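S.K.: One structure is given below, represented as structure tokens, and several questions about it will come after.
The values are calculated or read from the model by the stated rules, or taken from the named source; none is laboratory data. These figures come from a predicted structure and were not determined experimentally. Backbone-built Cβ (ideal geometry, glycine too); neighbour counts: all protein chains shown.
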Amino acid sequence: MPLIAGCSDAHLSFLDPQGPIAAAQRQHFWWVIAITLTVVLPVLVLTPLILWRYRYGGRARYRPQWEFSLRADLAIWGIPLLVFAVLATLTWRSTIALDPYRPLVSDQPPLEVQVVGFDWQWLFLYPEQGIATVDELVIPAGRPVSLRLTSASVMQGFFVPALGSQIDVMNHMVTRLHLEADAPGVFPGRNMQYSGKEFYRQRFVTRALSADAFADFTHQVRAQGRSFTPEVFSLLMAKNTHAALARALDGTETAAITGRARQTDDAGSPADDSTPLRFKHFPSGLFEAIAAHRAPDWSQDTSSLSTTRPLSPDSLLPASSPLSIHPALAAAAPTGATP
Amino acid sequence: MNDSTHWLLGRLDASALPFWDALQHPTTKNVINAVIASGAASMVVLGAIAVVIGLTWTRRWGWLWREWLTSPDHKKIGIMFIALALVMLARAVIEAVLMRLQQAFGLDGGFLTADHFGQLFTTHGTIMVFFMAMPFLTGMINYVMPLQIGTRDLSFPVMNQISLGLTAAGAAVVMISLVLAPFSTGGWTGYPTFTGHAANPGAGVDYWIWAVTLSTLSSTLSGINFAVTIYKRRAPGMSWMRLPLFTWTALCTAILMIFAMPPLTVATALLALDRYLDFHLFTADMGGNMMNYINLFWAFGHPEVYILILPAFGIFSEVFSTFAGKTLYGYKALVIATLAIAVLSFTVWLHHFFTMGQSAHINAVFGIATMLIGIPTGVKIYDWMLTLFRGRIRMSVPMIYASGFLMLFVLGGLTGIVLAVPSVDYQVHNSLFLVAHFHNMLIPGLLFGMLAGTNFWFPKAFGFRLEERWGRRAAYAWIIGFMLAFFPLYALGVLGMPRRTVAFFTPAYLPWTLTALVGATIVLLAMACLVIQLWVSVRDRHLNAMPIGDPWDGRSLEWAVSSPPPEYNFPVIPEVYGRDAFMLEKERGKAYQVPDEFPDIVLPANSPMGVIFAVTGTAMAFGLTWYQWWMVLLAAGITLAAVIARGFCRNTTRTLSGEEVRRTHLTWLAQVRATTPVARSREQSTDNRGLPVPPVEGAIQ
């Protein structure tokens, strides 16, 4: 697919896979097409030939009463049946192998991430790290990621094409998904299920970092991230775009956006969509509370979690941070004052 | 809104006007959208006014009432169904072009607001399925099936009127929603909780619920009517294995309608209970679960796609066999395949939500069941190819559509298999790949089938042929336009572009959306060609008249009667001695015989029931949408009164004297004897008066 490979937007599709799941899906995709073509190609080739050869005014044989041939019937039932048997076997195996609920085989333990779909942002909670991000999923490359997902609003579809499967995200329910990125990189992700007027803006980026960079990232966020206050939560619950949320949190337009959704027209410039929203803690059990329709328990949050790696002073400085290896991430370093 | 008008108007106020929002917030985008929406609304209003003035001017109200609106004749009801479908097709195609235009300019914005776009894809889908495809195929079956099985009408002619009335009411509600906006933005599937009261309290979803409810009730009744007619009213000798294939597909469609439509009626009714009476069936809390809706919807939705495609399969079977001048290859296999598809269609609904989190085994089973349908469908395709094999193929307009269908439909089948593999579906679900797939099935399948059928049977219904040159142009424009409009969507879907997105931020999508716009423009040209074709045909109707009624050397009984057929179809119910009943008569020299005697004919009498249901159905849906309870009660009261009054009606039939039938029939037979038969090579010329010289086996023509 040169047209796809040559486009400027990187890692849009599973045809350019960045993880084992997407790579297997690409393989299945082409296999299914190749196998099915065995019954489709004869139609594409023979139909024009028959139409021409047996055209009115042509000299080919004409048998108006001919209506049955055992050999032909055996072929037209038998060959599709054979193709079906092959496809069915492939489907059974691939479906079980690529079940989104099935943990990925790896020598490393998976990273647990909890995902909440809001109108119209994605909230990512990292219970082990005690941090949270909005519209930005940061994962270590080469290590499986185990996602639990729910929606705080209507049904949504969580999808990172370059990494693997999409899964529906539903209110009062929890779905599961397992993904893995082969190497560091930035992969677009989005909501696939229409969920209202700002649905088309409900995108996020997935950043896969090296193990070290990921550790540094989590420490940096724990040190420098924003506080996850009840105000943040109510802004997430109100219908907002990422840009509107970012502006509200930075205190510029707080009054204008709470409560009602903004007009599409004057939503901010695209640059606002990339304002990073990273939180150094979140209320413990927030995901479970949202999924169970309970109010979050603000008395306990994740800031008391013990960190697995000491914080290096260097990592607080963006210039010398390993994060700067990834330009996209460096550009998205926290800018606004932490509230 | 004050209390004195609240009882009258409910929650309807000035904000329902399509330009109200732009008056309140006159941004550039709002003004553009208001101009588009108001333009569409004024088309509806002006169109209605033009029809009223036209009818008054030409003094045709009485004619319209007597000859059409109250007629129980299956042929007239069929034509009205198709006319409704064509009007709705025009609107939905324009909406489609508008959506393609928006996405062609949709990189970082475009010109439509997200809400406007949401209403466009919802009305487009709702109309195309419920108010274009369903009335089109219902009209086709209505017109053709009784003629093919040799009967005079459907078993329940008044119920047939009511079916038309209910569908017309649903269509009217969708048209009214252009003037008093908004319509739903929940898509044609209307998934809760998005369509629940909490997320969408406005009138839009309610419009959608009642329009769809009316349509599903109509289709359930139609299904019962068709099935009973085929079971009980076949001509003597018309055994199951002698049924024309179109009638077989009509029967399977009817059975699917009976079993598949009620789940949707129930689903929308339960959704209405949620919205109006605060039930919690599909809400996220209080024990509700929207998955139940999704299961109910697709318990309807998947058989529905076979309801849509099977009649088209039937039409193509007739077209291939007729224009190849050859008996259908593998008739029994085609019948078995049709029945197999009908049964299997109930076993695959879960493939619409592989991503909803059920176990891999369930997904795999439903994926494999889906592929199983590919076998009978593949057999049908090959049977049609073998029907063409060793035929004498005339590339008439229906054959162009049919050939396009054959080659494009298998590509849709290919992508359907791709979607049926759950591991791959996880990647392309809800993307434009899916949109491309089902359009690939429904445009070359359903729509080409219906257009082929229109070109095929139009001379039967109106007594003159459709003009051929514009018909060819329309057919080729449809084929090319379809390919350019939808093949790019496959690429976009694989590139991860979701369906139903008003704008996008990925420059790589742009070349594809632009190509799709070119395709949509060609489809619009195809629509224009269809209009010109109809206009030219009506203009030259005397030149192209073919009163004898058999312009294509047809094979089944509908070709045995005059064009247009008399209201009683057959002066004497024919006896059937084999498959391809009329072809057999012609081959044995038994066609156009004078019957021994002409008994009196009893026909159903005119009835206003269909019109009453159309009016009260529209009023009830409108009242429910805007909370105008007085209107709901009034309309319900009138409906109930009309049904009860109908029970007291004693003059439900009228009798035509055998003498009158004899005179008409003998006049036509004299015309048959006076007409020169025309060879197939002159089929499209003005020589064709509807009496063919059949092709001879082994002859070079």
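S.K.: One residue is enough: does region B:555-576 have a residue meeting the conditions part of a loop (DSSP other than H, G, I, E, B), acidic (Asp, Glu) and buried (at least 21 other Cβ atoms within 10 Å of the Cβ)?
M.R.: No; the residues of region B:555-576 include none that is part of a loop (DSSP other than H, G, I, E, B), acidic (Asp, Glu) and buried (at least 21 other Cβ atoms within 10 Å of the Cβ).
S.K.: Can you tell me which residue in region B:97-156 is nearest to B:MET175 (Cα to Cα), limited to those that are among the small types (Gly, Ala, Ser) and in a helix (DSSP H, G or I)?
M.R.: In this case the residue turns out to be B:GLY125.
S.K.: For the structure I just gave you, tell me whether B:PHE458 is among the hydrophobic types (A, V, I, L, M, F, W, C) and surrounded by fewer than 24 Cβ atoms within 10 Å (Cβ to Cβ).
M.R.: yes
S.K.: Among helices (runs of 4 or more DSSP H) lying entirely in region A:1-107, which contain 3 or more residues that are within 8 Å of chain B (Cβ to nearest Cβ)?
M.R.: Fully inside region A:1-107 and qualifying: A:20-53, A:70-97.
S.K.: Anything in region A:151-169 that is closer than 18 Å to A:SER195 by Cβ and either facing chain B (nearest Cβ under 7 Å) or polar (S, T, N, Q) (or both)? List them, or say none.
M.R.: Scanning region A:151-169 gives A:SER151, A:SER153, A:VAL154, A:MET155, A:GLN156, A:GLY157, A:GLN166, A:ILE167, A:ASP168.
Let's see how each residue does on (1) surrounded by 15 or more Cβ atoms within 10 Å (Cβ to Cβ); (2) without any contact (Cβ under 8 Å) to a residue 60 or more places away in the chain:
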position	(1), (2)
B:ASN606	yes, no
B:ALA645	no, yes
B:PRO677	yes, yes
B:ARG682	no, yes
B:PRO692	yes, no
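S.K.: Taking the condition of being closer than 21 Å to B:ILE309 by Cβ and of a type in the set (A, V, I, L, M), how many residues in region B:451-473 meet it?
M.R.: 2
S.K.: In addition: Within region B:393-402, track down each residue that is buried (at least 24 other Cβ atoms within 10 Å of the Cβ) and facing chain A (nearest Cβ under 7 Å).
M.R.: B:ILE393
S.K.: When the residues of region A:213-242 are narrowed to those that are in contact (Cβ under 8 Å) with a residue 40 or more places away in the chain and within 14 Å of chain B (Cβ to nearest Cβ), which ends up nearest to A:PRO144 (Cα to Cα)?
M.R.: Ranking the candidates gives A:HIS242 first.
S.K.: Another question, then. Return yes when B:ILE362 is within 12 Å of chain A (Cβ to nearest Cβ), surrounded by fewer than 20 Cβ atoms within 10 Å (Cβ to Cβ), closer than 19 Å to B:THR253 by Cβ and out of contact with any strand residue (DSSP E or B) (no Cβ under 9 Å at 6 or more places or on another chain) and no when it is not.
M.R.: When the stated conditions are applied, B:ILE362 does not pass them.
S.K.: Given the residues B:ILE393, B:ILE381, B:ILE341, B:ILE375, which is the only one that is in the same structural domain as B:TRP478 (by TED's automatic domain parsing), under 23 Å from B:GLY449 (Cα atoms) and in contact with a strand residue (DSSP E or B) (Cβ under 8 Å, 6 or more places away or on another chain)?
M.R.: From the options B:ILE393, B:ILE381, B:ILE341, B:ILE375, the qualifying one is B:ILE393.
S.K.: Okay, next question. Every residue in region B:22-51 that is within 14 Å of chain A (Cβ to nearest Cβ), out of contact with any helix residue (DSSP H, G or I) (no Cβ under 6 Å at 6 or more places or on another chain) and without any contact (Cβ under 8 Å) to a residue 60 or more places away in the chain, please.
M.R.: If the condition is that a residue be within 14 Å of chain A (Cβ to nearest Cβ), out of contact with any helix residue (DSSP H, G or I) (no Cβ under 6 Å at 6 or more places or on another chain) and without any contact (Cβ under 8 Å) to a residue 60 or more places away in the chain, then B:GLN24, B:HIS25, B:PRO26, B:THR27, B:THR28 are the ones that fit.
S.K.: Within region B:511-530, is even one residue within 13 Å of another protein chain (Cβ to nearest Cβ) and hydroxyl-bearing (Ser, Thr, Tyr)?
M.R.: Yes, the conditions are met somewhere in region B:511-530.
S.K.: Sticking with this one: Given the condition more than 21 Å from the chain's Cα centre (by Cα) and either modelled with pLDDT under 95 or not assigned by TED's automatic domain parsing to the domain that holds B:PRO18 (or both), answer yes or no: does some residue in region B:206-225 qualify?
M.R.: Taking every residue of region B:206-225 in turn, at least one turns out to be more than 21 Å from the chain's Cα centre (by Cα) and either modelled with pLDDT under 95 or not assigned by TED's automatic domain parsing to the domain that holds B:PRO18 (or both).
S.K.: Please determine, by comparing only the residues of region A:198-212 that are more than 12 Å from chain B (Cβ to nearest Cβ) and in a helix (DSSP H, G or I), which one is nearest to the chain's Cα centre (by Cα).
M.R.: A:ALA211
S.K.: While we're here: Would you be able to tell me the number of residues in region A:105-130 that are in contact with a His (Cβ under 7 Å, 6 or more places away or on another chain) and β-branched (Val, Ile, Thr)?
M.R.: Final tally of qualifying residues: 0.
S.K.: Next question, about the same structure. If you take the residues in region A:272-297 that are under 21 Å from the mean Cα position of the chain (by Cα) and part of a loop (DSSP other than H, G, I, E, B), which one is modelled with the lowest pLDDT?
M.R.: Among those that are under 21 Å from the mean Cα position of the chain (by Cα) and part of a loop (DSSP other than H, G, I, E, B), it is A:THR275.
S.K.: Return a yes/no flag: does region B:425-446 have any residue that is over 27 Å from B:PHE366 (Cβ atoms) and at pLDDT 95 or above.
M.R.: Within region B:425-446 (the criterion being over 27 Å from B:PHE366 (Cβ atoms) and at pLDDT 95 or above), the answer is no, since none of the residues qualifies.
S.K.: Is it fair to say B:LEU447 is facing another protein chain (nearest Cβ under 10 Å), under 21 Å from the mean Cα position of the chain (by Cα), within 26 Å of B:GLY493 (Cα to Cα) and touching a residue at least 12 places away in the same chain (Cβ under 8 Å)?
M.R.: no
S.K.: Does region B:22-40 contain any residue that is of a type in the set (Lys, Arg) and either part of a helix (DSSP H, G or I) or assigned by TED's automatic domain parsing to the domain that holds B:GLU567 (or both)?
M.R.: The answer is yes; a qualifying residue exists.
S.K.: Of all residues in region A:120-146 being outside any strand (DSSP E or B) and within 13 Å of the chain's Cα centre (by Cα), which is farthest from A:GLY157 (Cα to Cα)?
M.R.: Here the residue is A:ASP135.
S.K.: Still on this model: So for region B:591-604 (the condition being assigned to a helix (DSSP H, G or I), of a type outside the set (Phe, Trp, Tyr), at pLDDT below 95 and closer than 20 Å to B:VAL693 by Cα), does at least one residue qualify?
M.R.: No, region B:591-604 contains no residue that is assigned to a helix (DSSP H, G or I), of a type outside the set (Phe, Trp, Tyr), at pLDDT below 95 and closer than 20 Å to B:VAL693 by Cα.
Listed here are the residues, each with its yes/no results for (1) within 30 Å of B:ASP285 (Cβ to Cβ); (2) of a type in the set (Phe, Trp, Tyr); (3) surrounded by fewer than 24 Cβ atoms within 10 Å (Cβ to Cβ).
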{"position": "B:ALA172", "(1), (2), (3)": "no, no, yes"}
{"position": "B:GLY186", "(1), (2), (3)": "yes, no, no"}
{"position": "B:ASN200", "(1), (2), (3)": "yes, no, yes"}
{"position": "B:TRP240", "(1), (2), (3)": "no, yes, yes"}
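S.K.: Here is a check on your reading of the model: is B:GLU95 of a type in the set (Asp, Glu), touching a Phe, Trp or Tyr at 6+ places or on another chain (Cβ under 9 Å) and either more than 14 Å from chain A (Cβ to nearest Cβ) or crowded, with 19+ Cβ neighbours inside 10 Å (or both)?
M.R.: Considered against the rule, which asks whether it is of a type in the set (Asp, Glu), touching a Phe, Trp or Tyr at 6+ places or on another chain (Cβ under 9 Å) and either more than 14 Å from chain A (Cβ to nearest Cβ) or crowded, with 19+ Cβ neighbours inside 10 Å (or both), B:GLU95 comes out as yes.
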